[in-house]
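Below: the structure, in C-alpha cells.
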Amino acid sequence: MNLTLKVWRQKDARSQGRLETYQAANVLADMSFLEMLDVVNEELIAKGGEPIAFDSDCREGICGTCSMMINGIAHGGLRGTTVCQLHMRHFHDGDTIVIEPWRARAFPVIKDLVTDRGAFDRIIQAGGFVSVNTGGTPDANALPVGKTEADRAMDAAACIGCGACVAACKNASAMLFVSAKVSHLASLPQGRAERERRVLNMVRVMDESGFGNCTVTGSCEAVCPKEISLDFIAQMNREYGQAILKNSGPRQSKGGD
Amino acid sequence: MNHAPRNLFCSSVGKKYLMAGTGAAMVLFVIGHMAGNLQMFLGPEAINRYGHFLQSNVELLWPVRLSLLAIISVHIWSAAKLTQENRAARPSAYEQWQPTAASYASRTMLMSGIIVGIFIVYHLLHYTVMVKAVNFAGTDFHSLTDPEHRHDIYRMVVIGFQQPLVSLFYIVGVGLLCLHLSHGMSAMFQSLGWKNRACGPCLDRAARWGAVVIFLGYVSIPISILLRLIQ
Ligand code: FES
C-alpha cells in the first residue's frame, strides 16, 4: 500500500519544528509501524536526506521506548499496543498519517519524534528505597503475600513507563504512571514501610517536573499499551490522603532519595 | 512540623482533594436547595413558610451562607490554580489531536463551571438580593407579602419565571450545572481515592442519572410556570 506521512521534523530542542510530508510507497501489511518508518528512512538516506529520528529499543512491546502520536492518538489507538507492535494492516492504501512526538513541558523534544523522558526517572528516584532486611536468605514464605495483592502489584508493575498517559492527557498529567509505581510498591508488604514518604516524594517531584493535574477524563487508561487502570490513580490518591492524615513530611530521612 | 497544609494546598493531589471536598459539599447544597424549591408545587403556604423559617433563623442563615461562600472560594481558587498548571504543562499544542475516551463533560469542566458561576451571581441578584432591575418584570420583589405578612416567595417565583428569557437563562444555567455534575459527582470519588473498578462504572452511571434528576427537578419549576401549571 501507499501512504502519505506528515511527520514532525525538529532539528533540536531549541529549533522550531514543523510537519513535513513524505510518501511511503510499497508498504507491506505485515510491517510494524516502526519498520515502515525504517523503510522511509532508508529512502531518505539514499536520497541524501536526514532520516526521521524516533525512539525504539526492544520492538516487542516491553520496554516503553517507542513513543509517538499517530493521527492524534498516543501509540496509534490500537488498544493495549505500543507503536512497535502496531502493524500496517490496521491502515489502508491511500491513508494520510500524521506523526508527532509526545507533547508536554516535562518531555521536551530532543529531535523530531524523540523526547526527553528523564522526568520519569527523577520521579522513580524520588520514590526512594524499599527496606530489605540483611542476614541469611529468607525462607520462601516468611512474608506471605495474598493472591489478590500479588495480582494487583503485578498489574501495576506492568507499566513500561512509555509516557503515553502524559501524551494523551489533555493536561499532560503523569498521574497514571506515578500511581502505577506508587501502587505497585504500596500493594506489597516489602514496600509498605516507606509508603507515606514514597507517595509524598513522588508526587512532589511529579509536580516540580511540570506535569499537569488529573481531571479524571480517562484518556490515559484508554491509550496505555499495558492497560494500566485508573484504579491505581484512586489508590495513589488514597495513599496520599493517608500520608496527609498521618502528617508525614515529604522527606523524613536523609538518604533514599 | 505540620506538613498537612502544604501537602493539601500546594500539591496537585491535595488540590484535587480540595476540589472534590468542596464539590461534594456544594452537591449536597444543590440537592437540598432543589428539595426546598420543589415545595412550589405544594402551593404558597408551604414555600412561604419554609422561606420564612430560613430567613428568620439568622443564627443559622448567615453561618451557612458564609460557609458556602468559603467553600465556593476554595473551589474556584483550586480550579484556577489547577487550570493554570494544566495549561503550562503543554506549552505547544498538538497539530492533530483526538480526545480518546474523555467525555464531553470532562473536557469542558472549566467552561461549564465559569458559566454556572455567572448564572449563580445573576440568580442571587434576582431572587436573594432582589435587585429590581434584573428581574425584567418591573415588580419590586421586596414589596410582595402574603396575608400572614411573610415574604411572598411563591408570587415572586411565579412573576420571576413568567419572563421567558429569565426562565431560559435559568434552564441553560441549570443544564450546564448538571453537565458539570455529571462528571464531577463521580470524579470526586476518584480524587478522594474512593473509586475502583468494581464500583466505578456504577458511580459513573449514578452521577449521570443523578445529574438528570437534578436537572428535571430544577427546571420543572420554570417550565410549569411558563405552561401556567403554577400560577
Ligand atoms: S520499542 Fe520497546 S516497547 Fe516499543
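The values are calculated or read from the model by the stated rules, or taken from the named source; none is laboratory data. All values reported here derive from a predicted model rather than from experimental measurement. No Cβ is skipped: glycine too gets one built from the backbone with ideal geometry, and neighbour counts run over all protein chains shown. Surface areas here come from the heavy atoms of the whole protein model, side chains and all, with no ligands, DNA or RNA. Shrake-Rupley method; radii C 1.70, N 1.55, O 1.52, S 1.80 Å.
Picking from residues in segment B:189-212 that are at the interface with chain A (Cβ under 9 Å from one of its Cβ atoms) and assigned to a helix (DSSP H, G or I), the one that is surrounded by the most Cβ atoms within 10 Å (Cβ to Cβ) is B:SER191. All of (1) farther than 29 Å from B:ALA25 by Cα; (2) open to solvent by less than 40 Å² (accessible area, probe 1.4 Å); (3) modelled with pLDDT under 95; (4) within 14 Å of another protein chain (Cβ to nearest Cβ) hold for B:ARG90 with one exception: (3). Among residues that are open to solvent by less than 60 Å² (accessible area, probe 1.4 Å), within 14 Å of chain A (Cβ to nearest Cβ) and in contact with a helix residue (DSSP H, G or I) (Cβ under 6 Å, 6 or more places away or on another chain), B:SER182 is included.
Considering (1) more than 24 Å from A:SER248 (Cα to Cα); (2) at pLDDT below 95; (3) in a loop (DSSP other than H, G, I, E, B), the lone condition that A:PHE129 does not fulfil carries the number (1). For segment A:185-230, a residue qualifies if it is within 11 Å of chain B (Cβ to nearest Cβ), without any contact (Cβ under 8 Å) to a residue 40 or more places away in the chain and part of a helix (DSSP H, G or I), and the qualifying residues are A:VAL203, A:ASP207, A:GLU208.
Answer with yes or no whether A:ARG14 is of a type in the set (Lys, Arg), within 12 Å of the ligand (Cβ to nearest atom) and part of a loop (DSSP other than H, G, I, E, B). Against the criterion (of a type in the set (Lys, Arg), within 12 Å of the ligand (Cβ to nearest atom) and part of a loop (DSSP other than H, G, I, E, B)), A:ARG14 does not qualify.
Within segment A:143-170, residues that are on the phi > 0 side of the Ramachandran plot have Cβ atoms under 7 Å from residues that are away from the ligand (no atom under 16 Å from the Cβ) in these pairs: A:GLY163/A:PHE107, counting only partners at least 6 apart in sequence or on another chain. Against the conditions (1) away from chain B (no Cβ under 14 Å); (2) outside any helix (DSSP H, G or I); (3) away from the ligand (no atom under 16 Å from the Cβ); (4) at negative phi, A:GLU20 satisfies every one except (1).
The single condition among (1) in contact with a strand residue (DSSP E or B) (Cβ under 9 Å, 6 or more places away or on another chain); (2) in a loop (DSSP other than H, G, I, E, B); (3) within 9 Å of the ligand (Cβ to nearest atom) that A:CYS84 does not meet is (2). Is it fair to say B:ASN48 is under 27 Å from B:PRO222 (Cβ atoms), in contact with a strand residue (DSSP E or B) (Cβ under 8 Å, 6 or more places away or on another chain), more than 12 Å from chain A (Cβ to nearest Cβ) and not β-branched (Val, Ile, Thr)? Taking the combined requirement at face value, the residue satisfies it. Does A:ARG79 meet the test of being within 14 Å of chain B (Cβ to nearest Cβ) and at pLDDT below 95? The answer is yes for A:ARG79. Restricting segment A:41-76 to residues that are within 15 Å of A:THR4 (Cα to Cα) and assigned to a loop (DSSP other than H, G, I, E, B), the residue that is nearest to the other protein chains (Cβ to nearest Cβ) is A:ASN71. What about A:THR134, is it more than 15 Å from the ligand (Cβ to nearest atom), in the same structural domain as A:SER173 (by TED's automatic domain parsing) and not aromatic (Phe, Trp, Tyr)? For A:THR134, the condition - more than 15 Å from the ligand (Cβ to nearest atom), in the same structural domain as A:SER173 (by TED's automatic domain parsing) and not aromatic (Phe, Trp, Tyr) - is met. Would you be able to say whether some residue in segment A:146-164 is surrounded by 24 or more Cβ atoms within 10 Å (Cβ to Cβ), away from the ligand (no atom under 16 Å from the Cβ) and not acidic (Asp, Glu)? The answer is yes, given that some residue of segment A:146-164 is surrounded by 24 or more Cβ atoms within 10 Å (Cβ to Cβ), away from the ligand (no atom under 16 Å from the Cβ) and not acidic (Asp, Glu).
Conditions tested, residue by residue: (1) open to solvent by 10 Å² or more (accessible area, probe 1.4 Å); (2) within 14 Å of the chain's Cα centre (by Cα).
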| position | (1), (2) |
| --- | --- |
| A:ASP55 | yes, yes |
| A:CYS63 | yes, yes |
| A:GLY80 | yes, yes |
| A:HIS87 | yes, no |
| A:ASP95 | yes, no |
| A:GLU100 | no, no |
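Looking across segment B:97-106, just one residue is within 7 Å of chain A (Cβ to nearest Cβ) and surrounded by fewer than 16 Cβ atoms within 10 Å (Cβ to Cβ), and that is B:ALA101. Just one of the listed residues (A:ASP12, A:ASP30) is in contact with a His (Cβ under 8 Å, 6 or more places away or on another chain) and either modelled with pLDDT under 95 or acidic (Asp, Glu) (or both), and it is A:ASP30.
For B:PHE141, the criteria (1) modelled with pLDDT of 95 or more; (2) open to solvent by less than 70 Å² (accessible area, probe 1.4 Å) hold in every case but one, which is (1).
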